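Taking it in order: structure first as structure tokens, then the write-up.
The values are calculated or read from the model by the stated rules, or taken from the named source; none is laboratory data. Keep in mind it's a predicted model, so treat the numbers as computed, not measured. Positions of Cβ are generated from backbone atoms using ideal geometry, with glycine treated the same way; all protein chains shown enter the neighbour counts. Each accessible area value is taken on the protein alone, full model and side chains, heavy atoms only, with ligands, DNA and RNA left out. Shrake-Rupley method; radii C 1.70, N 1.55, O 1.52, S 1.80 Å.
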There are 2 protein chains.
Amino acid sequence: MNLNEYIELVNKKLDEFMPEDIFPQDIFKAMKYTVTLPGKRLRPVMCMESCRIFGGNVEDAVPTACAIEMLHAQTLIHDDLPCMDNDDFRRGKPTNHKVFGEANAVLAGDALLSFAPQIILKNSKNLGSEKLVKIMEEYTQYAGAYGVIAGQVADIEAEKNWKNNIFGLEPEKLLDFIHTHKTADLFKLPLRTGAIIAGAGEQDLEKITELAQKLGVAFQISDDILDVISTFEEMGKTIGKDQNADKLTYVTLYGLEESKCKLACILDKCCDMINSFNIKSEVLLEIISGIKKRVGINDNHCK
Amino acid sequence: MNLNEYIELVNKKLDEFMPEDIFPQDIFKAMKYTVTLPGKRLRPVMCMESCRIFGGNVEDAVPTACAIEMLHAQTLIHDDLPCMDNDDFRRGKPTNHKVFGEANAVLAGDALLSFAPQIILKNSKNLGSEKLVKIMEEYTQYAGAYGVIAGQVADIEAEKNWKNNIFGLEPEKLLDFIHTHKTADLFKLPLRTGAIIAGAGEQDLEKITELAQKLGVAFQISDDILDVISTFEEMGKTIGKDQNADKLTYVTLYGLEESKCKLACILDKCCDMINSFNIKSEVLLEIISGIKKRVGINDNHCK
């Protein structure tokens, strides 16, 4: 499957997996609203592609792939809340709490955190109990306080006073910590679970985790750059907020040009890794090209 | 084990299971704060006792029992938020968001939703993958939009206009729906998982689920009554809020005396059930006596 075919499959299955007509409908509507907003579907695509790379059947990864997109939507719903980033727009539409109210947005996020693994448990019985337990271990690790939430907590703390070495970390280390957890952990989850579904061994899991870490950081740098150089129309959310708030980002720390250089360098390393790991994946290469294109860097940037 | 021994064991294990020294400490501290506030520990006790009733080893149920108390704490943290019930006190102490701020309280609740099942997965490997998958199925069902969150959503909606048959339900039916999910589902989860850990069959699961439903509704009626007749010191939270807000509760719908009668009647049925199911459990009977004592009804109430 190519990138577009993957995305179409994810969109179709997300719609199927998310019911709307169950009482009380309010909560299921709120959950489905954010999950089905148009998005790049990077995480579910990575899950299915990782399964394919390691010799698995892509179909087997579909429920887990969709569950991870639901988890991603959960983080967006709660991140956008007034007590967090207080954002009014996401993917070009009003944020969840703007449409359904704050209480329902909190509850829709909570509900997704249980609904997503439930989708895996209900629809992946053919994988057998042992693999299902492994996937649950991965899911709870990266979704929780050791994973994406650690990044979010540090990010919120950093907004207040990152210049004062909070948590005893220099800003560079703090930024690494935030994006390892806030972004790269949600790349590790799909790439690792896809591999687990395919039956990949420990060594392959280590490799794909390393690649996920790099890809995640690259994606975050591109996001920080786009917050400066892009428009609301392109991003579907309020932009320029990071700079206005003097937030700790790659651009505020290293400046725009150095951030672009860092990004180009990390993406080159990702390509090297894909080659040296002997991973044949047009889709991952297409994702990397896509990131380059969005921020306007070419293959020889900074060389 | 008697009731107090169970409670002591739960408190000891909750303390052990909840780390405080992991970076970033803020989130682990916020999670542990609400989980370890003194409480009746009804749900974990029910889980361990159900395991014992059906011939299992109580030790095997400890991680699941503690995880369910963590889930319960999660519901309390988010219920107390300003956008929900906006409560300042819980179990006699300031609520989570009052101590750690609103953003951290949202994230601490989110984190508990993944941390709790993680505790089961990490500490119950001896149960084997098949039972672990079953426990995950139960956990995600009752924790999510089909379970406790359905109750919470309906409860919030009901606060606004329960007299107008919202959701097309008469107030009596709406009240049933709310408390079946908001309260009884979090009794079903421990009683069912305890039985599953012990290896109970489908028929036993049905029986214990029926008992959980009745016990849960009874507990909710007692809570509604106590909101009227109790004091802040006894309850550890602001009382009288339901009445002031003209909230849909057993007392606002049926009045104080009829609510007490209903409660006495349901608790008698619980005792009948325990006898007819041939369940030998001093602990469950002690829990029932405790509920009667708190609201001041004796064995012959309404007879």
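Find the residue count for the range A:141-174, including only residues that are more than 7 Å from chain B (Cβ to nearest Cβ), open to solvent by less than 30 Å² (accessible area, probe 1.4 Å), touching a Phe, Trp or Tyr at 6+ places or on another chain (Cβ under 9 Å) and at pLDDT below 95.
Of the residues in the range A:141-174, 3 are more than 7 Å from chain B (Cβ to nearest Cβ), open to solvent by less than 30 Å² (accessible area, probe 1.4 Å), touching a Phe, Trp or Tyr at 6+ places or on another chain (Cβ under 9 Å) and at pLDDT below 95.
Please enumerate the residues belonging to the range B:22-72 that are within 18 Å of B:G236 (Cβ to Cβ) and hydroxyl-bearing (S, T, Y).
Result: B:Y33, B:T34, B:T36.
For the range B:1-98, which fully contained helices (runs of 4 or more DSSP H) count at least 3 residues that are modelled with pLDDT of 95 or more and within 14 Å of chain A (Cβ to nearest Cβ)?
On the way: elements: B:3-17, B:25-35, B:42-53, B:58-79.
Per the criteria, B:25-35, B:58-79.
All but one of (1) crowded, with 24+ Cβ neighbours inside 10 Å; (2) small (G, A, S); (3) under 26 Å from B:N2 (Cβ atoms); (4) more than 15 Å from the chain's Cα centre (by Cα) hold for B:G55; which doesn't?
Every listed condition holds for B:G55 apart from (1).
Restricting to the range B:175-184, give me the number of residues that are among the acidic types (D, E) and within 12 Å of another protein chain (Cβ to nearest Cβ).
Count: 0.
Take the residues in the range B:254-296 that are over 18 Å from B:G216 (Cβ atoms) and in a loop (DSSP other than H, G, I, E, B), then tell me which one is least open to solvent (accessible area, probe 1.4 Å).
B:G255
In the range A:120-140, what residues are open to solvent by 10 Å² or more (accessible area, probe 1.4 Å) and more than 7 Å from every other protein chain (Cβ to nearest Cβ)?
A:K122, A:N123, A:K125, A:N126, A:L127, A:G128, A:K131, A:K134, A:E138
Can you tell me which residue among B:T209, B:T183 is open to solvent by less than 20 Å² (accessible area, probe 1.4 Å) and within 22 Å of B:A264 (Cα to Cα)? Walk me through how you get there before you give the answer.
Working: B:T209 fails: open to solvent by less than 20 Å² (accessible area, probe 1.4 Å).
After applying the criteria, what remains is B:T183.
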